[in-house]
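Have a look at the structure below before the remarks.
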Amino acid sequence: MTRGRMVAIGGLALVVVVVAVVAIRGDGDGVRLEVMPPEGTVDHDYVIPPGTQDRIRAGDDVEIMPDRLEVTVGETIRIRNDDTEGVVAGIFYVGAGEEVQMKFTTPGELIGDCDVSASGEFVIDVQAA
């Protein structure tokens, strides 16, 4: 399978995860997100360093993402994975060497498991502007 095809499948999987989480955890209208190409300035920027999954397997406490992040509609988040293995960070799956960037467009709460937070969960609380 080519890298381009793998990236496309990964992007589709991310959209499915976002839709599922929004349907379960969002308010009546759901939280709306805008998938953005990796570029420009972001409000919340996180980097998964090389060796992170090795540290997790070794039993180290890895705290890269906060347990809870409060954002305002219009803000963006970017997660870049410099490790050689993918990670789950809340509603995001970020493959090895990949980057995910999103803009929050409506209020609500997004909750998901997280490989790289202290609690093992990542909550994004999107507040109205």
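The values are calculated or read from the model by the stated rules, or taken from the named source; none is laboratory data. Small disclaimer: the values here were computed from a predicted structure and weren't measured. Note that we place each Cβ from the backbone using ideal geometry, even for glycine, and neighbour counts take in every protein chain shown.
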So in the stretch 77-90, with the set limited to residues that are touching a Phe, Trp or Tyr at 6+ places or on another chain (Cβ under 8 Å) and of a type outside the set (Lys, Arg), which one is farthest from residue 65 (Cα to Cα)? 86
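I need the full set of residues from the stretch 56-81 which are β-branched (Val, Ile, Thr) and loosely packed, with under 14 Cβ neighbours inside 10 Å, in order please. Talk me through it step by step, then tell me what you get.
Step one: filter the stretch 56-81 for residues β-branched (Val, Ile, Thr), giving 56, 62, 64, 71-73, 76-77, 79.
The answer is 72, and nothing else.
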Taking residue 30 as meeting all but one of (1) closer than 18 Å to residue 125 by Cβ; (2) modelled with pLDDT under 95; (3) assigned to a strand (DSSP E or B), write down the number of the exception. (3)
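Collect the residues in the stretch 92-129 that are small (Gly, Ala, Ser) and either without any contact (Cβ under 8 Å) to a residue 60 or more places away in the chain or under 17 Å from residue 81 (Cα atoms) (or both), keeping them in residue-number order. Reasoning before the result, please.
Residues of the stretch 92-129 small (Gly, Ala, Ser): 95-97, 108, 112, 117-120, 128-129.
Correct list: 95, 96, 97, 117, 118, 119, 120, 128, 129.
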Unique match (being β-branched (Val, Ile, Thr), surrounded by fewer than 16 Cβ atoms within 10 Å (Cβ to Cβ) and modelled with pLDDT of 95 or more) among 84, 105: 84
Please go through the stretch 44-81 and give me each residue that is closer than 19 Å to residue 109 by Cβ and small (Gly, Ala, Ser), ordered by number. 74
What are the residues in the stretch 91-110 that are part of a loop (DSSP other than H, G, I, E, B) and in contact with a Phe, Trp or Tyr (Cβ under 9 Å, 6 or more places away or on another chain), if any? 91
Conditions (1) assigned to a strand (DSSP E or B); (2) of a type in the set (Val, Ile, Thr); (3) closer than 19 Å to residue 47 by Cβ; number of the one not met by residue 84: (1)
Of the residues 54, 125, 113, 61, which single one is in contact with an Asp or Glu (Cβ under 9 Å, 6 or more places away or on another chain) and not in a strand (DSSP E or B)? 54
